[in-house]
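Reading through the structure tokens given below for one structure.
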Number of protein chains: 2
Amino acid sequence: MAGTGTGVPGTRRRGGAGGRVGLTPERIVDGCLALLDEQGPEAFTFRRIGGYLGVDPTALYRHFRDKDELVLAVADRLLARALEDFTPTGDWRATLTDMLVRNRTVYLAHPEAAVLSVSRTTRRAAEMASVEITLGALADAGFPPEEAVRYYRVLVDFVLSWCGLEAAYLTLDQAARSGDEGAWSREYAGAPADRYPHIAAAAPYLPDVTEEGNFMLALELLLDSIELRATKLAAAAQAK
Amino acid sequence: MAGTGTGVPGTRRRGGAGGRVGLTPERIVDGCLALLDEQGPEAFTFRRIGGYLGVDPTALYRHFRDKDELVLAVADRLLARALEDFTPTGDWRATLTDMLVRNRTVYLAHPEAAVLSVSRTTRRAAEMASVEITLGALADAGFPPEEAVRYYRVLVDFVLSWCGLEAAYLTLDQAARSGDEGAWSREYAGAPADRYPHIAAAAPYLPDVTEEGNFMLALELLLDSIELRATKLAAAAQAK
DNA sequence: ACACTTTTGTCAACACCATTGACTTCGGCG
DNA sequence: CGCCGAAGTCAATGGTGTTGACAAAAGTGT
């Protein structure tokens, strides 16, 4: 049944497709992103998306089999957006940093989509491009493919998992967040100093740690080690 | 309200508490873990938990204000289990490694519970103990509190997020997993070598990366950098 | 031009979810 | 013994994703 008709294959809607085309996957995805920006993550609902697009909620099922597929579509749009105006430089470390930071930025801009998508692999164009860039940068650093693969996996799993956690955190509703974030420093500061001396000593500095700075520090630590190994590798090759 | 009565404070149920005590928070949490292990994460429902414990679902509200509080209790139970037979050694790096590996082991043993709990901060006994140990190890390494706090946050967020991703991956249903995991190496191996030369070169080595080895490498990279900074710090202190 | 097929949106309904309030039952304390 | 608060039950509410039967619209084949 699918693939019948006389239309040229590859065109937008081949031969015999009818219906009022007021709704497209693209428009739906755009609507989801706009809706998520305006209202919170709790607005990511078929009913509210439908209402936002002026359409019956179940009409979305004509374009996406279920909610998971819709989420993946939104996620893939985000990945593509992260690479939109990206140009790798000659510095492999700057290239890696730039790309990972871009990924984080785009994920955190739409946390609920990130939460559901970081654990999924799309294997589409945007993802392939990211992988190629990462592996290329590691090759520039001087690593042979079998070693570059290991660092690549560390870096990609690092950024995906980290963003997943941050995004999950942003997705918590108000009650849970106020219970969490605010109380961190407050409750830790109130810890009995005799039972938890190190916590008591460290508590005053806890609010100084920002999410952004925390991510950047972790990334810096990882890249420091990788760079160190690269220089050692180069030195060994030199010596031989 | 709380703390009234004539009973000895600290006893199980103080003075004037009545009712048939067939249900305790401990029993509920145990039931949740057992239920999550037997059936999937989709079993984490007041209705199904109640049915599993042979009790009305709404009875749980007598012990936990809402579902979120129940999740926190489960999360803290996992943390406590990770610390059960833990004894820090004199080597700060070995201590950190041991504890983080323990956390991962416990989380991956209960992936469904891990997914729900890694993004939450419990601020309860087990978590406090973990934090104290971590900060203590970093203090042993020679870091002042304001710097130890930063590395502590990196390490805890690293292990939580990483385990969250691994656990989320383990909990994917069959359809999504077969779509994901198998195709990784397979589809990347089939990538056109002219468009993705680095992927083509690295593809043969991709199956060599195990989840366990990947985690250990990431942890090693982080600790390498931290240790390096510790030695530099010690050298600077020596020179002065 | 007309019937036909396929798509697209609508409507009503189902099953499940967390959560609430009123009600019953129980147990220890005064 | 009577009381009062705690523990458990029951029914109901408003929300969710998802499904199936139906109606209208747009292109195609003849």
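The values are calculated or read from the model by the stated rules, or taken from the named source; none is laboratory data. Note that the structure is a prediction, hence the values are computed from the model and not measured. Backbone-built Cβ (ideal geometry, glycine too); neighbour counts: all protein chains shown. Heavy atoms of the whole protein, side chains included, go into the accessibility calculation; ligands, DNA and RNA do not. Shrake-Rupley method; radii C 1.70, N 1.55, O 1.52, S 1.80 Å.
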Net charge of neighbours whose Cβ lies under 15 Å from the Cβ of B:Leu108, counting Lys and Arg as +1 and Asp and Glu as -1: -3
Environment charge of B:Phe215, counting only residues whose C-beta is closer than 9 Å and scoring Lys/Arg +1, Asp/Glu -1: -3
Averaged over B:133-143, number of beta-carbon atoms from partner chains that fall within 10 Å: 2
Tail weight of P(r) past 19 Å, computed on alpha-carbon pairs of the range B:85-239, percent: 63 percent
Listed peptides B:44-55, A:156-167 by packing density, highest first (mean Cβ within 10 Å): A:156-167, B:44-55
Accessible-area composition of the range A:85-239, carbon plus sulfur, in percent [1.4 Å probe]: 56 percent
Mean Cβ neighbour count within 10 Å, used as a protection proxy, ranking A:88-95, B:147-154 highest first: B:147-154, A:88-95
Shielding by partners - mean other protein chain Cβ count within 10 Å, residues of A:110-119: 2
Between the range A:47-101 and the range A:117-169, the Cα center-to-center distance that results, in Å: 17 Å
Interface burial for B against A (accessible surface, 1.4 Å probe, total of both chains, Å², rounded to 100): 5700 Å²
